[in-house]
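Values in this text are rule-based calculations from the coordinates and carry no lab data. Bear in mind that the values here come from a model prediction, so they are computed numbers and not experimental data. Because the Cβ atoms are built from the backbone with ideal geometry, glycine has one as well, and the counts that use them run over all protein chains shown.
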Amino acid sequence: MICQECHERPAALHFTKIVNGEKTEVYFCEKCAHEKGEYLFGGHPAFSLNNLLSGLFSSEPLFSSNAASHGEDEHCEKCHMTFQKFLQTGKFGCAHCYTAFDSKLTPILKRLHGGNTRHQGKIPKRMGGALHLQKELHLLREQLNEMIANEHFEKAADVRDQIREVEHKLSGEGGGA
Amino acid sequence: MSLERFINQQTSSWMSGGGPYSDVVLSTRVRLARNFSDVCFPTVFQFDDAKQIVEQINTATSKKLSLELLKMEDLSPLQKRVLVEKHLISPLLAESSLYGAALISEQEDISIMVNEEDHLRIQCLSSGLQLQETLNEANRIDDMIEESVQYAFDEKRGYLTACPTNVGTGLRASVMIHLPGLVLTRQMNRIIPAISQLGLVVRGIYGEGSEALGNIFQISNQLTLGKSEADIINDLGSVVHELMMREQSARDALVKTSHIQLEDRIFRSFGVLSNCRMVETNEAFQCLSDVRLGIDLGYIQHISKSILNELMILMQPGFLQQYAGGPLRAEERDVRRAALIRERLTMKETN
Ligand SMILES: [Zn+2]
Ligand SMILES: [Zn+2]
């Protein structure tokens, strides 16, 4: 086997590259492998992360046995991705996959995101009219509880008014959406 | 405004070496992963979908941002490699995307990758440590796109991405940091596991495995779900500040205890770079790191700090071959690399 980069020296190292579940074998001599190291493995997680993911999922006996017993019939009706295929590649086929595999996803998300399963960040403005209000409501209620706990009753009354206002807006939004 | 410019323009604005805390932090990068709601992810989508995504995003951004659209199919392998080396596109986009494209700003501080692992990867780059500013810029672009694009978003899971490692905020913030003091005092081996405990990832971005070429590390958040964007960058920022403090004390300690050894090491590396006729990537990185430390500590004067930032991009194989006008064997690249570095050093000396 000759190095695929310089076509001169004998290949000393061989790498398996996995992109979108497709495996490619590449062969390099030591010198070229070093030169190419950054290009292939730096910058993008596709190479290391996929392996890590498959390892992460399949090391969980719960998933593999579950998936095996259900066979191929468990799939996303929109893109036809199967859960088995997802475990192999670590990637979903479409947004609906998140709904289709929801119950199996929670433990995976917990492992990947330090126990978290719910989004706490940005909400798109376009779709988020009601969502933004709900988030505001949630924050106000937290404030209210804190104020009552600290016996700041006057401020608490103000916050209660604000909560009513948001609730009112929200009922309007809900009717519209 | 053309492809040639992105290929031939040597340095991007974020490589300039300015920016806050630039004696330790080289650059800041923020990336947002986004998908269109009604189109399958690039994992399984068809050519027509891919094409439609490129057209839609080009229209969505063309009114308010001046970005140049580069389609991967129009680029030669070498041109793509240069863009990868400049961090403007990823190897995945370059090598195996279906109708992949990138929208890049003139300053090369914005790059929107299209049809990579997700439909969109909005990426902003800045010099030095500028997490909040860079996030603001990415959010500005995100909001602008959102005016005409319906994103795949779920109340419970947030922004939906092909890989569940990115779901939620879709945010990956990373800081490229030069830590010669901590490496020389052998502290990195203890620090890396400690940082990993905090939900952050540390890796050498040049070189393989745990060995970081040029003592350059990239620190980024691992978790994207369950924390707000502000919390993610604040947590990353506070770890970076802690690292900068430790790096500073390591440098102070080295100067105090091993002043002559340090000076010797720095000027030896300077000697190698000023005189070499062939140099491999590894050695070049190590010497550049020493010289840069020498500049930071005041041992070496009249040479710009940006030498490390610029040369670590320019001395890569793709760039060297681009300048040579064609493919080079590894040995020929070593010769070209040496010439480039010598030229760059003397250029600043006569200034
Ligand atoms: Zn070779
Ligand atoms: Zn699906």
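Evaluated over the Cα positions of the stretch B:248-346, the convex hull gives a direction-averaged projected area, one quarter of its surface, of 6.2 nm². Shape descriptor for chain B: Rg over Rh equals 0.98 (Cα atoms; Rh from the Kirkwood inverse mean 1/r). Under the simplified labelling scheme, the B:ASP231-A:LEU131 pair shows an inter-label distance of 1.7 nm, with each label point 7 Å from Cα along Cα→Cβ.
Rounded to the nearest 20, the Cβ-based charge dipole of chain B about its Cα centre (Lys and Arg +1, Asp and Glu -1) stands at 920 debye. Across peptide A:84-95, the average count of Cβ atoms from other chains found within 10 Å of a residue's Cβ is 6. When both the stretch B:96-115 and the stretch B:152-224 are represented by their alpha-carbon centers, they are found 22 Å apart. By the count of other C-beta atoms within 10 Å, a proxy for reagent exposure, B:LYS86, B:LYS156, B:LYS51 are ordered fewest to most as B:LYS156, B:LYS51, B:LYS86. The ranking of A:GLU146, A:GLU5 from fewest to most other beta carbons within 10 Å of each one's beta carbon is A:GLU146, A:GLU5. I need the fraction of alpha carbon pairs in the stretch B:1-139 separated by more than 22 Å, rounded to a whole percent. In whole percent, the share of Cα-Cα pairs in the stretch B:1-139 beyond 22 Å is 37. Neighbour counts of other Cβ atoms within 10 Å put B:LEU262, B:LEU125 in the fewest-to-most order B:LEU262, B:LEU125.
Membrane-span-like helices in chain B, defined purely by DSSP H runs whose alpha carbon atoms cover 20 Å or more axially and whose average Kyte-Doolittle hydropathy reaches -1.0, are B:47-62, B:131-146, B:229-275, B:281-296. Restricting attention to chain B, lysine pairs at least eight places apart or on different chains and with alpha-carbon atoms under 15 angstrom apart total 4.
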